[in-house]
Amino acid sequence: MATQLLDSSPILGVFLVFAVVSLLAFEIGFRVGGWWQARTPGQAEGPTNMLVGSLLALLAFLLAVTMGMASDRFDSRRNLVLAEANAIGTTYLRAGYLDEPYATDIRALLREYVPLRVNVADRNRFLANHARSTQIQQEIWAKTEEMARATPESEVLGLFITSVNETIDLQESRLTAIVTARVPETILALLFVGEVLTLAAVGYSAGLTGSRGLLTALVLVFVLSAVLTIVVDLDRPRDGFLQVSQQPLLDLQSQIGQP
């Protein structure tokens, strides 16, 4: 399963890296600005403040766009959890219309299936759950094929097949949303580089005036790093502080019973 570069790092660690590197960029920019001002004392600052303001505005725009991308993907994963819980629940109810022993066997398989669909942070367990989910789908589909051959004109069976198809499709949709439908790493890298360069420019502008404004710089570093970390957190489908609620699947599990 494909992962991104920051997936192996804890969210707090990501925030600290962003904050420390950004603060270093500000300090380097401040020292360079002070050195340049001492070297050319008679030279005016020129359009530095205007350029710094433009950089901050551009960074804010990029952060807003990327936050929107991450939020959309987060909402999509949340909607897919609810849709899958509804599809499995419908399949479970319609299985009651089937002849024995198919009804009992398929409902037993679905009771085992539901806990496997609850998202987990551990990568190995996630892969194991996905593999077992696929096996259960194949077992259900094999039984469905047997019933279809025996009673090909059954309308009840047709409704059940529709529910099974939807359940299978939603598993693939959730897997795609978790693994591939994420904010591209290049965009996150661009944001990080943009944050570092912008804070370096802010530090340079402060160095030209000889006023560090450390408290203001710390607040700016904290806010920008926190927003960028939230973007990373929203884009993490399996761990982090901001996670899609699995409550619809847990509620379904309590309704149909334990495997």
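Of all the residues in the stretch 202-212, those that are surrounded by fewer than 16 Cβ atoms within 10 Å (Cβ to Cβ) and either assigned to a helix (DSSP H, G or I) or among the hydroxyl-bearing types (Ser, Thr, Tyr) (or both) number 2.
Please determine, by comparing only the residues of the stretch 55-72 that are without any contact (Cβ under 8 Å) to a residue 24 or more places away in the chain and not acidic (Asp, Glu), which one is nearest to Ile178 (Cα to Cα).
Here is the first cut: in the stretch 55-72, the ones without any contact (Cβ under 8 Å) to a residue 24 or more places away in the chain are 57, 60-61, 64-65, 68, 72.
Cutting the leftovers down to not acidic (Asp, Glu) gives us 57, 60-61, 64-65, 68.
On the way: Ala57: 32, Ala60: 27, Phe61: 26, Ala64: 22, Val65: 20, Gly68: 17 Å.
Among those that are without any contact (Cβ under 8 Å) to a residue 24 or more places away in the chain and not acidic (Asp, Glu), it is Gly68.
Just one of the listed residues (Leu157, Leu215, Leu199) is buried (at least 16 other Cβ atoms within 10 Å of the Cβ) and over 30 Å from Thr90 (Cα atoms), and it is Leu199.
I need the full set of residues from the stretch 167-222 which are of a type in the set (Ser, Thr, Tyr), within 30 Å of Leu252 (Cα to Cα) and modelled with pLDDT under 85, in order please. Please lay out each step first, then the result.
First, pick out the residues of the stretch 167-222 that are of a type in the set (Ser, Thr, Tyr): 167, 173, 176, 180, 186, 198, 204-205, 209, 211, 216.
Cutting the leftovers down to within 30 Å of Leu252 (Cα to Cα) gives us 167, 173, 176, 180.
The one that is of a type in the set (Ser, Thr, Tyr), within 30 Å of Leu252 (Cα to Cα) and modelled with pLDDT under 85: Thr180.
Given the structure, is Thr66 within 30 Å of Gly158 (Cα to Cα) and surrounded by 15 or more Cβ atoms within 10 Å (Cβ to Cβ)? Criteria not met by Thr66. For Ser76, the stated conditions do not hold, so it cannot be described as of a type in the set (Ser, Thr, Tyr), over 30 Å from Arg174 (Cβ atoms) and either in a helix (DSSP H, G or I) or out of contact with any Lys or Arg (no Cβ under 8 Å at 6 or more places or on another chain) (or both). Screening Leu80, Leu98, Leu110 for residues that are within 15 Å of Gln253 (Cβ to Cβ), buried (at least 16 other Cβ atoms within 10 Å of the Cβ) and out of contact with any Pro (no Cβ under 8 Å at 6 or more places or on another chain) leaves exactly one candidate, Leu110. Identify, from the list Val179, Val244, the residue that is surrounded by 17 or more Cβ atoms within 10 Å (Cβ to Cβ), farther than 30 Å from Leu98 by Cα and in contact (Cβ under 8 Å) with a residue 60 or more places away in the chain. Step by step, each of Val179, Val244 is checked, and only Val244 is surrounded by 17 or more Cβ atoms within 10 Å (Cβ to Cβ), farther than 30 Å from Leu98 by Cα and in contact (Cβ under 8 Å) with a residue 60 or more places away in the chain. Here Thr209, Thr162, Thr216, Thr186 are screened, and the one residue that is farther than 19 Å from Asn129 by Cα, touching a residue at least 12 places away in the same chain (Cβ under 8 Å) and hydroxyl-bearing (Ser, Thr, Tyr) is Thr209. Restricted to the stretch 113-154, and to residues there that are part of a helix (DSSP H, G or I), in contact with a helix residue (DSSP H, G or I) (Cβ under 7 Å, 6 or more places away or on another chain) and among the charged types (D, E, K, R), the residue that is surrounded by the most Cβ atoms within 10 Å (Cβ to Cβ) is Lys143.
The values are calculated or read from the model by the stated rules, or taken from the named source; none is laboratory data. What you are looking at is a predicted structure, and each value in this text was computed from that prediction instead of being measured. Positions of Cβ are generated from backbone atoms using ideal geometry, with glycine treated the same way; all protein chains shown enter the neighbour counts.
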